[in-house]
Ligand SMILES: *Cc1c(COP(=O)(O)O)cnc(C)c1O
């Protein structure tokens with residue numbers, strides 16, 4: 001048995017060059033949205049082959065903007081997984097849209113196409129897809145359903161930086177994609193997000209909405225070539241990213257593929273060490289040719305035969321120094337949503353999965369021996 005160690009659930013990977021870059025931004029005295037934000041957008045899009053991107057202050061803001069340009073009207077319905085972070089759904093509610101909770105597939109915890117179809121009504125306008133943990137959702141089937149029923153698809157790609165679906169990165173599709181750079185995500189700017197989309201006119205509108213709906217960026221307004229005059233073209237939000245955040249992201253972009261390889265090593269080690277445990281269901285790589293997991297999360301599932309229930313496992317692992325997390329608490333069972341939209345709703349797979357899942361520590365700065373320690377504790381308890 002290994003001796004006790006303290007292992008955090010998540011830790012951002014901050015390359016040593018980051019501090020110097022932040023220093024340069026501060027010294028330039030241009031600290032909000034500016035040249036570094038533009039560089040970050042371009043570098044991000046180049047890496048995943050996205051046509052256009054707008055960097056914003058969070059994925060929540062990105063989702064709000066994506067929903068805002070989708071021409072939803074109050075009373076419209078949008079199909080969403082209950083099994084996601086609450087912000088995917090909160091932002092619909094702010095637009096007066098009714099979230100229609102949908103069940104997931106057992107093999108990926110992503111939307112179940114058969115269940116999507118059963119929930120479509122004449123009021124349905126869109127499907128919001130979450131690539132859970134960074135495993136791509138079954139986009140071929142979902143796209144077919146969307147085409148037949150004339151629905152928009154919006155991708156919550158918070159977990160899906162460097163996820164590939166059939167040879168293309170998430171972000172290089174026909175849909176609006178929303179990424180998160182929150183502190184726990186595979187690429188972080190402390191807080192931040194990005195919207196990618198192939199068509200420039202809509203991206204221009206999203207950019208404008210992210211900056212009050214005014215016709216010019218502050219960067220243009222205050223730069224030497226800029227003018228003090230601006231027009232408010234529509235009521236917008238204040239969702240821009242700053243150059244301070246953008247350089248944090250830029251330094252991580254430089255090592256993103258290396259970080260990905262490190263994650264894969266750790267994941268393979270977990271799989272190797274846990275695969276003989278008959279009481280566990282382990283996450284798997286996507287089976288489609290050309291599809292790749294980003295491994296944002298490593299989420300295990302306890303079988304009925306396990307010696308311990310999930311909640312007790314969390315407590316016992318904490319005693320051994322290991323922090324874990326649960327992704328996600330189903331939203332249709334959260335008080336506000338249950339009361340407002342889903343009183344009678346049962347989502348059998350979501351509910352079953354929720355009771356038995358646990359996300360283990362996974363980040364670049366974890367060592368192979370840390371993984372061995374976590375795995376040995378899990379094997380001892382489960
Ligand atoms: C993290 C997360 C978000 C929200 O991201 P923020 O950048 O914190 O706003 C949205 N959806 C999912 C699935 C997430 O995991």
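What follows is calculated from the coordinates using simple rules that are stated; it is not laboratory data. Note that this is a predicted model, so its numbers are computed, not measured. So basically every Cβ, Gly included, is an ideal-geometry build from the backbone, and we count neighbours across all protein chains shown.
To the nearest whole percent, what portion of all C-alpha pairs in segment 1-112 is separated by more than 19 angstrom?
Values: 4236 of 6216 pairs.
Summing the P(r) of segment 1-112 above 19 Å gives 68 percent of all pairs.
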Over the chain, with a Gaussian network built from C-alpha contacts below 10 Å, which listed residue (372, 311, 103) shows the highest mean-square fluctuation? 311
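I'd like to know how segment 270-382 sits against the 2.2 N^0.38 Å rule of thumb: what's its Cα Rg over that expected value?
Numbers: Rg = 15.8 Å, N = 113, 2.2 N^0.38 = 13.3 Å.
This ratio for segment 270-382 stands at 1.19.
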Give me the one-decimal nm value for the distance between modelled label points at residue 254 and residue 198, 7 Å along each residue's Cα-to-Cβ direction. 3.3 nm
Sorted peptide list for 161-172, 325-336, criterion being average Cβ within 10 angstrom, highest first: 161-172, 325-336
Here the gain from full extension of residue 271 to residue 355, 0.36 nm per residue of separation minus their alpha-carbon distance, amounts to 28.1 nm
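Below 8 Å between Cα atoms, with a sequence gap of 6+, how large is the relative contact order for the chain in percent?
Relative contact order for the chain comes out at 23 percent.
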Can you tell me the FRET efficiency between residue 4 and residue 264 if r is taken as the Cβ-Cβ distance and R0 is 25 Å, rounded to the nearest 0.05? 0.35
Log entry: pair-distance distribution for the chain, C-alpha pairs binned every 20 Å from zero, whole % per bin is 28, 56, 16, 0
Residue of 62, 126, 158 that the Gaussian network model of the chain assigns the largest fluctuation, springs spanning Cα pairs under 10 Å: 126
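Per the Kirkwood treatment, what hydrodynamic radius in Å, one decimal, follows for segment 235-314 from the mean inverse distance over all distinct Cα pairs? Please list the in-between numbers first.
Values: mean 1/r = 0.0616 Å⁻¹.
Final number for the Kirkwood radius of segment 235-314 is 16.2 Å.
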For segment 149-286: span of alpha carbons on each principal axis (Å, largest first): 67, 42, 25
So for segment 67-201, using the alpha carbon gyration tensor with a ≥ b ≥ c as root eigenvalues (a/c under 1.5 gives rounded; past that, a/b versus b/c decides prolate or oblate), I'd call it rounded
Which percentage, to the nearest 5, of the DSSP beta bridges contained in the chain is antiparallel? 60 percent
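Per DSSP H run of at least 4 residues, take -39500 (n - 2.57); add these up for the chain, divide by its residues and hand me the 222 nm value, nearest 500 deg cm²/dmol. Present the calculation step by step, with values, prior to reporting the outcome.
Numbers: 14 runs with 145 residues, N = 382.
After summing the helix terms and dividing by the residues of the chain, the value is -11500 deg cm²/dmol.
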With the contact rule set at Cα under 8 Å and sequence spacing of 6 or more, what percent relative contact order holds for segment 230-382? 31 percent
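If packing is taken as the mean number of other Cβ atoms within 10 Å per residue, what is the order of 193-199, 118-124, 19-25, highest first? Before the final figure, lay out the partial values.
Working: 193-199: 23.6, 118-124: 12.7, 19-25: 14.7.
In descending order of packing, they fall as 193-199, 19-25, 118-124.
If you count, for each residue, the other Cβ atoms within 10 Å and average over each peptide, how do 78-89, 137-148, 269-280 line up from highest to lowest?
On the way: 78-89: 24.2, 137-148: 17.8, 269-280: 15.6.
Result, highest mean first: 78-89, 137-148, 269-280.
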Nearest-0.05 FRET efficiency for residue 183 and residue 24, computed from C-beta distance (R0 30 Å): 0.85
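Go ahead and run the numbers for FRET between residue 119 and residue 227, Cβ-Cβ distance against an R0 of 56 Å, rounding to 0.05. Before the final figure, lay out each step's value.
Working: r = 50 Å, r/R0 = 0.89.
After rounding to 0.05, the efficiency reads 0.65.
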